[in-house]
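A short worksheet on the structure shown next.
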Amino acid sequence: MSQLAHKFPLSSDTVKKLNDTDLAVLDQFSARFSKLQDAMGAKLFPAILELTKEQGSYPAFLDQLNRLEKIGAIDSADQWLVLREMRNAFSHDYPDDPALQAAILNKAYMLASELLEILAKIQLFAAGYNNQ
């Protein structure tokens with residue numbers, strides 16, 4: 001994100017003029033955003049529920065999110081769903097629409113900070129729970 005800060009916000013024109021290095025950094029950014037979001041949802045969230053010995057089964061991911069919100073591990077299940085939508089937007093390629101590419105990347109850049117904040121909050125939650 002620090003390597004990208006000077007590029008944001010992106011416009012259609014700036015997307016058209018990105019060099020190969022900038023494109024590689026943006027590609028790495030989108031891949032890391034997606035991987036972190038996936039890993040947190042698939043591994044970290046269930047591990048937190050296991051750590052807290054939450055009773056019951058949460059087969060639906062939305063049930064897991066709601067439970068994590070209720071116990072204070074995350075601030076908002078809805079916020080996580082927005083991050084999930086962002087991750088899904090990366091799976092679509094719009095090579096002929098630089099305006100749409102710019103809009104997706106601008107939104108992702110803003111949301112990346114939220115993703116990192118959620119990770120930090122969960123780390124604090126888990127550390128505090130382990131110390132009880």
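Counting alpha carbon pairs within less than 8 Å and at least 6 residues apart, what relative contact order, in whole percent, applies to the chain?
38 percent
For every helix of n ≥ 4 consecutive DSSP H residues, a contribution of -39,500 (n - 2.57) applies; sum these over the chain, divide by its total residues, and give [θ] at 222 nm rounded to the nearest 500 deg cm²/dmol.
Calculated mean residue ellipticity at 222 nm is -22000 deg cm²/dmol.
Of K53/K121; K70/K107; K35/K70, which ones are farther than 23 Å apart at the Cα?
K70/K107; K35/K70
Along the positive direction of the dipole of the chain (beta-carbon charges: Lys, Arg +1; Asp, Glu -1; about the Cα centre), which of L10, M40, V82 reaches farthest?
M40
Sort out the exposed loop trypsin sites (Lys or Arg not before Pro) in the chain (DSSP loop, at most 16 other Cβ within 10 Å) and tell me the longest stretch that has none.
Numbers: sites that count: K17, K53.
Longest run free of exposed loop sites: 54-132.
Treating only the Cβ of Lys, Arg, Asp and Glu as charged (+1, +1, -1, -1), what charge dipole size does the chain show about its Cα centre? Round to the nearest 20 debye.
Dipole about the Cα centre, nearest 20: 300 debye.
Enumerate the residues in the stretch 89-131 having an amide nitrogen under 14 Å from the point lying 7 Å beyond the Cα of D13 toward its Cβ.
Under 14 Å, as judged by backbone N against the label point of D13, lie 99 of the stretch 89-131.
Enter the angle in degrees (range 0 to 90, nearest 10) between the Cα long axis of helix 20-39 and the first principal axis of the Cα atoms of the chain, meaning the one along which they spread out most.
20 degrees
List the relative contact order of the stretch 62-122 as a percent without decimals, with contacts defined as Cα pairs under 8 Å and 6+ residues apart. Mind showing how you got there, number by number?
Working: 26 pairs, mean separation 21.0, N = 61.
So the answer I get is 34 percent.
Say each of D93 and Q3 gets a label point 7 Å from the Cα, pointing the same way as Cα to Cβ; how far apart are those two points in nm?
Output for this residue pair reads 2.1 nm.
How large is log10 I(q)/I(0) at q = 0.15 Å⁻¹ when the Debye formula is applied to the Cα atoms of the chain, each weighted equally and without solvent?
-0.75
Once phi is turned into ³J(HN,Hα) by the Karplus curve 6.51 cos²θ - 1.76 cosθ + 1.60 with θ = phi - 60°, what whole-Hz value does each residue of the stretch 42-56 show in order, with x for glycine and proline?
Rounded to whole hertz, the list is 7, 10, 5, 4, x, 5, 5, 4, 5, 4, 7, 6, 4, 6, x.
Coordinate-derived values only; no laboratory data. What you are looking at is a predicted structure, and each value in this text was computed from that prediction instead of being measured. Cβ: placed from backbone, ideal geometry, glycine included. Neighbour counts: every protein chain shown.
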